[in-house]
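Below is one structure, written out as structure tokens; comments come after it.
The values are calculated or read from the model by the stated rules, or taken from the named source; none is laboratory data. In this text the structure is predicted, and so the values were computed from the model without any measurement. Every residue, glycine among them, receives a Cβ derived from its backbone with ideal geometry; neighbour counts consider all protein chains shown.
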Amino acid sequence: MCYTYIIRCKNNTLYTGYTTDIIRRMEEHKRGINSKYTKAKGFDKLEVFFESNSKSQAMKLEYYIKQLNKSKKLWIINNPELFIDEVKDKFKIRIGIINNS
């Protein structure tokens with residue numbers, strides 16, 4: 001499995017990335033390693049992630065999301081099921097449920 005994710009930084013910006021190990025990657029972001037952006041901006045929380053069967057699909061989805069403006073990324077965070085319905089045929093993804101309460 002590979003994952004595409006959106007995290008919120010401490011300055012309220014959003015960062016999109018992909019990984020083969022979501023738990024390890026979040027720990028790296030929290031510690032400020034292997035990402036200049038999150039090291040500088042600070043990690044706040046994982047907002048949403050999507051599961052893909054291949055690295056190629058995860059990278060394509062990452063690129064697609066990175067091209068979007070912040071309001072569309074916020075829409076994805078708030079409506080992940082609708083987003084999957086919108087792009088599932090193109091990217092063949094599943095949602096990762098985040099409970100931030």
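Some values worked out for this structure:
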| quantity | calculated |
| --- | --- |
| Close pairs from segment 80-101: first within 18 Å of ILE7 (Cα to Cα) and among the acidic types (Asp, Glu), partner modelled with pLDDT under 80 and outside any helix (DSSP H, G or I), Cβ under 7 Å, at least 6 apart | GLU81/ILE95 |
| In segment 51-72, residue nearest to LEU14 (Cα to Cα) [restricted to those that are of a type outside the set (A, V, I, L, M, F, W, C) and buried (at least 20 other Cβ atoms within 10 Å of the Cβ)] | GLU62 |
| Tabulated pairs, segment 8-35, first more than 18 Å from ILE76 (Cβ to Cβ), second of a type in the set (Gly, Ala, Ser) and assigned to a strand (DSSP E or B), C-beta under 9 angstrom, 6+ apart or interchain | ARG25/GLY17; HIS29/GLY17; SER35/GLY17 |
| Residues of segment 6-37 that turn out to be among the β-branched types (Val, Ile, Thr) and either surrounded by fewer than 19 Cβ atoms within 10 Å (Cβ to Cβ) or assigned to a helix (DSSP H, G or I) (or both), as a count | 5 |
| Matching option when the condition is assigned to a loop (DSSP other than H, G, I, E, B) and closer than 20 Å to CYS2 by Cβ, among LEU61, LEU68 | LEU68 |
| Any hit, segment 83-100, residues being modelled with pLDDT of 95 or more, in contact with a strand residue (DSSP E or B) (Cβ under 9 Å, 6 or more places away or on another chain) and loosely packed, with under 14 Cβ neighbours inside 10 Å | no |
| Verdict on VAL48 being among the β-branched types (Val, Ile, Thr), outside any helix (DSSP H, G or I) and surrounded by 14 or more Cβ atoms within 10 Å (Cβ to Cβ) | yes |
| Filter result (farther than 27 Å from CYS9 by Cβ and part of a helix (DSSP H, G or I)) within segment 77-92 | ASP85, LYS88, ASP89, LYS90 |
| Failed item, numbered, when ALA40 is tested on (1) in a helix (DSSP H, G or I); (2) out of contact with any Phe, Trp or Tyr (no Cβ under 7 Å at 6 or more places or on another chain); (3) within 25 Å of ILE93 (Cα to Cα) | (3) |
| Failed condition for TRP75, given (1) surrounded by fewer than 20 Cβ atoms within 10 Å (Cβ to Cβ); (2) in contact (Cβ under 8 Å) with a residue 12 or more places away in the chain | (2) |
